[in-house]
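Q: Quick one: structure below, then a few questions.
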Amino acid sequence: MDLNGARALVTGGSEGIGRGIAEALIRKGARAAIMSRSKDRVEKTAREIGALPIQGDVGNEEHAVRAVETVAREFGGIDILVNNAGFGHFFPLVEADLTKFEEVFRTNVTGAMLMAREAAKRFVEQGSGHLINISSTSGLRGGPGSTAYSGSKFALRGMTECWRNELRRHNVRVMLVNPSEVQTGFFEKIGREQEASPKKLRPEEIADAIVGALEVDDRGFIPEFSVFATNPF
């Protein structure tokens, strides 16, 4: 697709990978809206990168509906949804906390579904669209302590396959992106330290890969891809 003039919504777009994706799309000439639960953060980031700020929680049905309606109204439609909002809680199975488990699934699974549902209605009506779900390499292989996070990403992968099957006949491209470790604020939010390294991935690498996938001519698409650091050691 030609990204110049494209209309995009990026959830979790106020920081990290989401911000990187929105910035990359804007550099290509797209109009981008970014969505975040934090009003102050999303408005600050929007001013800095030239995006439309939308405050809201993807796991709240009313907020999801309003977000897509806002983009369609302000931009005259929507061409791209990037389902990037997500977070994790980590604990061994025998210490599993139901509230935390459900919090992760509410954002990473239910929120992704709600946003996709609202965007897909528009995509089907116009006979085109691009839905990108940001998963993780944790959605390819589980690990100790990752019941909630990996489980949610495995679920997202399954939903992506369902949506791809449903929407291809409407000329909608549904893609899944699996980043490995990226240097963002993700680890800090869960109380873990992340060692900074010039060898590890940055949000820019994920954003560049997504831009490249979107710019493939619309007659074809990349259903799924992973992004690893070449040599993070």
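Q: Output the residue which, of all residues in the stretch 171-185 that are within 15 Å of the chain's Cα centre (by Cα) and β-branched (Val, Ile, Thr), is farthest from Ser136 (Cα to Cα).
A: Val174
Q: Picking from Val104, Val174, which residue would you name as being within 30 Å of Asp218 (Cβ to Cβ), in contact (Cβ under 8 Å) with a residue 40 or more places away in the chain, outside any loop (DSSP other than H, G, I, E, B) and of a type in the set (A, V, I, L, M, F, W, C)?
A: On the way: Val104 fails: within 30 Å of Asp218 (Cβ to Cβ).
Step by step, each of Val104, Val174 is checked, and only Val174 is within 30 Å of Asp218 (Cβ to Cβ), in contact (Cβ under 8 Å) with a residue 40 or more places away in the chain, outside any loop (DSSP other than H, G, I, E, B) and of a type in the set (A, V, I, L, M, F, W, C).
Q: Which of the residues that make up the stretch 24-45 are touching a Ser or Thr at 6+ places or on another chain (Cβ under 8 Å) and outside any loop (DSSP other than H, G, I, E, B)? Lay out the reasoning, then the answer.
A: Narrowing the stretch 24-45 to residues touching a Ser or Thr at 6+ places or on another chain (Cβ under 8 Å): 33-36, 38, 41-42, 44-45.
Those that are touching a Ser or Thr at 6+ places or on another chain (Cβ under 8 Å) and outside any loop (DSSP other than H, G, I, E, B): Ala33, Ile34, Met35, Ser36, Arg41, Val42, Lys44, Thr45.
Q: Taking the stretch 69-83, which residues are farther than 23 Å from Ile206 by Cβ and either in contact with an Asp or Glu (Cβ under 6 Å, 6 or more places away or on another chain) or not in a loop (DSSP other than H, G, I, E, B) (or both)?
A: Glu69, Thr70, Ala72, Arg73, Glu74, Phe75
Q: Here are some conditions: (1) in contact with a Leu (Cβ under 8 Å, 6 or more places away or on another chain); (2) closer than 19 Å to Ile134 by Cα; (3) assigned to a helix (DSSP H, G or I). Ile21 meets all but one. Which one does it not meet?
A: Of (1) in contact with a Leu (Cβ under 8 Å, 6 or more places away or on another chain); (2) closer than 19 Å to Ile134 by Cα; (3) assigned to a helix (DSSP H, G or I), only one is false for Ile21: (1).
Q: Kindly indicate the residue of the stretch 189-217 that is acidic (Asp, Glu) and loosely packed, with under 13 Cβ neighbours inside 10 Å and also modelled with the lowest pLDDT among those meeting that condition. Walk me through how you get there before you give the answer.
A: Start the filter on the stretch 189-217 by keeping residues that are acidic (Asp, Glu), which leaves 193, 195, 204-205, 208, 215, 217.
Now restrict to residues that are loosely packed, with under 13 Cβ neighbours inside 10 Å: 193, 195, 215, 217.
Values: Glu193: 71, Glu195: 80, Glu215: 98, Asp217: 98.
That would be Glu193.
Q: Then there is this: Among the residues that make up the stretch 111-129, is at least one of them assigned to a loop (DSSP other than H, G, I, E, B), buried (at least 19 other Cβ atoms within 10 Å of the Cβ) and in contact (Cβ under 8 Å) with a residue 40 or more places away in the chain? Break it down stepwise before answering.
A: Pass one, the stretch 111-129, residues assigned to a loop (DSSP other than H, G, I, E, B): 127-128.
From what's left, buried (at least 19 other Cβ atoms within 10 Å of the Cβ): none.
Looking for residues that are assigned to a loop (DSSP other than H, G, I, E, B), buried (at least 19 other Cβ atoms within 10 Å of the Cβ) and in contact (Cβ under 8 Å) with a residue 40 or more places away in the chain, one finds none in the stretch 111-129, hence no.
The values are calculated or read from the model by the stated rules, or taken from the named source; none is laboratory data. Just so it is clear, the structure is predicted and the values come from calculations on it, not from any experiment. Virtual Cβ from ideal backbone geometry, glycine too; neighbours counted across all protein chains shown.
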